[in-house]
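Remarks on the structure that follows.
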């Protein structure tokens, strides 16, 4: 049975393609955008990550975390990715989301999510990080310059509940 699930998972992930923000043979300057987390317990964390660049899906920390956690029961293993991006204007889709080790945990607990787009030009050779906060009455996600903590553009905020419904988890 375990082999069947593994084969099915490989088959399904084999169909998914991800975009590399840095084109092959790119000669320009590079910046980096890191993911972050707020650990809630051994089986739960709030992840803050880059999900798309210019509307194209990239390899992200949520999918990497889910792959790393597979088969570990109620223990969540987070994988925070660092994404190289060209130092040129682009639309960056960012997400803050609660993640549980096992899907059954999500159905019996809160899952918060906030997401949106930030358009900006990263400075060459600088490191940025996606940060955020998730909660019952306020949630936000943003990109900041790692060195100074300065917020790029503005925060994407939800005043009120950002809790996902049962079928959205």
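Tabulated values for the structure
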| read-out | value |
| --- | --- |
| Which numbered condition residue 142 fails, given (1) assigned to a loop (DSSP other than H, G, I, E, B); (2) in contact with a strand residue (DSSP E or B) (Cβ under 7 Å, 6 or more places away or on another chain) | (1) |
| Those residues of the stretch 145-164 which are over 25 Å from residue 111 (Cβ atoms) and not in a strand (DSSP E or B), in sequence order | 146, 147, 148, 149, 150, 152, 153 |
| Of all residues in the stretch 123-157 being over 18 Å from the mean Cα position of the chain (by Cα) and touching a residue at least 40 places away in the same chain (Cβ under 8 Å), the one that is surrounded by the fewest Cβ atoms within 10 Å (Cβ to Cβ) | 125 |
| Test: residue 66 is part of a helix (DSSP H, G or I) and either over 14 Å from residue 132 (Cα atoms) or in contact with a strand residue (DSSP E or B) (Cβ under 8 Å, 6 or more places away or on another chain) (or both) | yes |
| Residue in the stretch 96-115 that is exposed (fewer than 14 other Cβ atoms within 10 Å of the Cβ), part of a strand (DSSP E or B) and touching a strand residue (DSSP E or B) at 6+ places or on another chain (Cβ under 7 Å) present | no |
| Condition broken by residue 160, with the remaining ones in (1) over 29 Å from residue 68 (Cα atoms); (2) surrounded by 14 or more Cβ atoms within 10 Å (Cβ to Cβ); (3) out of contact with any strand residue (DSSP E or B) (no Cβ under 7 Å at 6 or more places or on another chain) satisfied | (2) |
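Any read-out appearing in this document is the output of simple, stated calculations on the displayed coordinates, not a laboratory observation. Everything numeric here is computed off the predicted structure, so don't read it as measured data. Glycine gets a Cβ as well: all are built from the backbone with ideal geometry, and neighbour counts include every protein chain shown.
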